[in-house]
Every structure is written in structure tokens, then in C-alpha cells.
Amino acid sequence: MKKVAILLVLVLVFSSCKNEEKKPKIKIKKPVKSEIRFGYKLDDYKVIQDTIRNGESFGAILDRHHVYYPKINQIATSIIDIFDVRKIGAGKPYTILASKDSLESAHVFIYKHDMINATVIDFKDSISAINYKKPIKVVEKEAIGVINSSLSETMDGLGLRPNLTWEIADIYAWTLDFYALQKGDSFKFIYEEKFIDDTISAGYGKIKSAVFKHKGKDLFAFRFVKDSVTGIAEYYDQNGNMLRSQFLKAPIKFQYRISSRYNLTRRIAYYGNKVRPHKGTDFAANLGTPIIATASGTVIESERRGGNGNYVKIKHNSTYSTQYLHMSQRKVKKGDYVRQGDVIGWVGMTGNTGGPHVCYRFWKFGKQVDPLKEKLPTAEHLPASIKPEYTKFIQPLKYQLENKKAPYKKPQVIKETIVKK
């Protein structure tokens, strides 16, 4: 009997163990973390995303989402110093955070100015508005290209968007004529690109430095803020000369006088006191005095012709050209690239002239104008006191441009910011 009892106990123990083994294990699910955007927990709202249609107003959108006009007018009036709701644009995306009940009335309106910036208008209880900036990562990149036809086509071939091309063209507007680029000219520039969520491009940032190799010359550009108070950045060459260069006041450096000004109603006794417009400014000087280019550009004419005598014409950009007449001798030929201040010829008396001078003519959009009355771009070179700081600042940038690798720079992360007004 004892043996039978022991055997029954063992059977019961083993069967209970097997039953325990068959019991399913209970998996505990981790709570899903609610997504927070624009400072709001999205699980608390019905999220509605849409795009503003042509002719659609802020009021019409809120009315459609059960916010009615007395409240709409109150919202528009309260936030007008921060955001004018009348200026919402067709095609702009927006998000509405609405209640999760059956009415689904809007509580928050988020207007997206671009991929990074938004205005958040909250009217759930009280009315408030904030400027919101999405967190972005700024990555430093470089672009290297060789001109085969035009700058824009070369940049397109590198997969770069047109606004970056326009910015490069703007930086070099007074140093380089992009219509005169030659096949084989090359460039390299260091720029920033902004990313959202590491992979979504949100546009370009600053162009930090650049170099164009044009006609055998390296034309550098470095972005530099000389005054930390104003925070205004300009582009300078390796010597600290501003690229947004002004025209020199005269094509002769020293010892000259203006003997005749631009005058469209000038009468000349020699021609029977008839009106003979003078579309230039005459700078009288001694024979052989050097004539200089008043701004950088490409020589588009260099010849001797009729009353002009020996003359040179320089194209500076798509807007401005200058012309220098009556030279005794020309130093440059058509196609040459000259810098501001380069000698291009010497004062003479060739062509129709009664004495040694240079007739300086100024062209704007193909029309001759008076350079002494034109409002021209101004420029200030770096003062001597800042030159050492600038020289030190551009050393690593210049090193990077000269076909060498700069040390790896960790991407800059600009965190989410919410600015209340």
C-alpha cells in the first residue's frame, strides 16, 4: 500500500508541473510614448492637416472647424502684433488640433511659414500666439565644379538648387562677369545645408567661403562679420577687400581735373552753336598718365575707331559697363579680365579731342548715364585694426579651399525654440 501511495503522489507532482509549463506567459506591453509636436501632446487632439486653398481665409477655415465669427474676430484682433491672419498664403500647409469629441471644434491653429518656422495660435481657453522654430541640424558641405557651358548648368549638374546659384552669383557680382565664364574655369565653395530629422533637407544656410579660378586667377570670397554689434556679414577677398565693390570716382588716380561733364543739352560754337550731347565725363591729365579700370570686369572692346580714338570698354556685370576714350595707347585686349585699379591704357589725344584727357563713359542696362549722379553700391574695406583678426580667421577656410581636406566638423544642432510674444 505504501508503494502505491508513493506512486500516486509522484504522478500528481509530475502532472502539476506539466500544467504549470503549459500556462502561457503574460507579456506586459510597454506604453506607447505619445508624440509631442509644437509643444502639444497629439494624443489629446484630433489632428487635421490641410493646405490653404486659393481665396480661402483664416476665418473660413476656423468656421469650417466649428469656431464662429465672434471668436474668430477676437482671435485676429488679439494676435495682430504677432501674426496678421489676413496674410495667410494659398498653398501653405497648416495643422489644426481639434477636440476629440463629436463636435471636433478647433482649439489650435498652426500656420507653417516654411519647413522650419511656424506660428502657433492657441484659443482653447485664453488666446495666445507663439513663433515656433523646428529643431534642425546644420551640416557643412562643399561643392566643386568645372564650367563647361554656364554656372547654372554646372550647378544643376551637381544637384544644387537654383537659390544657391543665385547667392554665389550675388557674392561675385562685382568681381566676376558670369556671362564671360570660360570653359575650364572652376570653382569650389563651402556652404551649409539644413536638415530636419537628419534626412529632410530644409534649405541652405550660409556660404562660408568660395574660390573661382577664372582666366588663371584665383578669386577668393570669405564671409566675415567685422562688427559683432551689427552682426552684418560681408564677403572679402584674401587681402580684406570687400567684393561688393564700389566704382572708383575717377579713372585716373592723381593730378586730374574734370574739364567737361555729362551734358545732354551742351551747345558747341564749333558746330554752329547746335546741341551736341556729351554723354561722358572728361578727366583732363598730362599725356601718358595711366588710366585705370574703375571696377573689376572683362574687356569687351579694345580698338581704335573714329572720334573715339583708342578706347577700351569693360563689362562689369549684367548691369554696368564703362568706356575709356582718346587713349594714346591701350594696355589690354578684348577678353582680358581686369581688376579694379588695373592700368588699362594711357592718356592721349587720339580721335576728336582738343587736349589730353580721357572721356569716361558709364553704361547702365545698355544706356549711357552720368556716373557722378548714379547711386552706386558702396563698399568699405576692412580697417587695419581688424586685418590681423581677419587673416587668422580665413587661414583654415583658405586651406580648405585649396583642394585640401579640413578637419571634420561636427554638425551643429539647433534645438527647437518657442518664442512667446
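The values are calculated or read from the model by the stated rules, or taken from the named source; none is laboratory data. Computed from a prediction, not measured in an experiment: that's the story for all the values here. Cβ: placed from backbone, ideal geometry, glycine included. Neighbour counts: every protein chain shown. Surface accessibility is based on the protein's heavy atoms, side chains included, excluding ligands, DNA and RNA. Shrake-Rupley method; radii C 1.70, N 1.55, O 1.52, S 1.80 Å.
A few comments on the model shown:
- Region 334-394: trypsin sites (Lys or Arg not before Pro) in DSSP loop, at most 10 other beta carbons within 10 Å: Lys373, Lys375
- In the context of the full protein assembly, Leu248 retains an accessible surface of approximately 60 Å², using a probe radius of 1.4 Å and ignoring ligands and nucleic acids.
- Pair Ala60, Leu42: separation of 7 Å Cα→Cβ label points (nm): 2.8
- When the residues Lys92, Lys100 are ordered by accessible surface, computed with a 1.4 Å probe over the protein chains alone, the sequence from largest down reads Lys100, Lys92.
- A DSSP coil position with no more than 15 other Cβ atoms inside 10 Å describes the following trypsin sites (Lys or Arg not before Pro) in region 112-142: Lys124.
- Spherically averaged projected area of the convex hull of Cα atoms, region 57-170: 10.5 nm².
- When the convex hull of its Cα atoms is viewed from all sides, region 315-388 shows a mean projected area of 7.5 nm².
- Here region 206-354 is treated as an ellipsoid with the same Cα gyration tensor; its semi-axes, largest first and in whole Å, are 35, 18, 13.
- Heavy-atom accessible surface of Asp218, to the nearest 10 Å², is about 60 Å², with a 1.4 Å probe and all protein chains retained.
- Calculated P(r) of region 114-159 - Cα pairs past 17 Å, %: 63
- Solvent-accessible heavy-atom area per residue, rounded to whole Å², over region 350-400 at 1.4 Å: 62
- Distance violations [Cα-Cα > 30 Å] among Lys133/Lys398; Lys137/Lys315; Lys194/Lys226; Lys87/Lys134; Lys206/Lys249; Lys208/Lys253: Lys133/Lys398; Lys137/Lys315; Lys206/Lys249; Lys208/Lys253
- Modelled FRET efficiency - R0 22 Å, Ile144 with Lys217, Cβ distances, 0.05 increments: 0.80
- Expressed per residue, the C-alpha convex hull volume of region 51-104 stands at 90 Å³.
- Counting protein heavy atoms only, region 56-161 has 51 percent of its accessible area on carbon and sulfur, 1.4 angstrom probe.
- Solvent exposure, largest accessible area first (probe 1.4 Å, DNA, RNA and ligands not counted), of Arg64, Arg257: Arg257, Arg64
- Distance between the 7 Å Cα→Cβ label points at Arg305 and Ala169: 2.7 nm.
- For region 73-162, the solvent-accessible area works out to 49 Å² per residue, with a probe of 1.4 Å and every protein chain left in place.
- Per-residue SASA entry for His66, accessible area with 1.4 Å probe, Å² rounded to 10: 70
- The H on the amide N of Val347, modeled in the peptide plane, is under 5 Å from the matching H of Gly288, Thr289, Ile291, Ser328, each at least 5 residues off or on a different chain.
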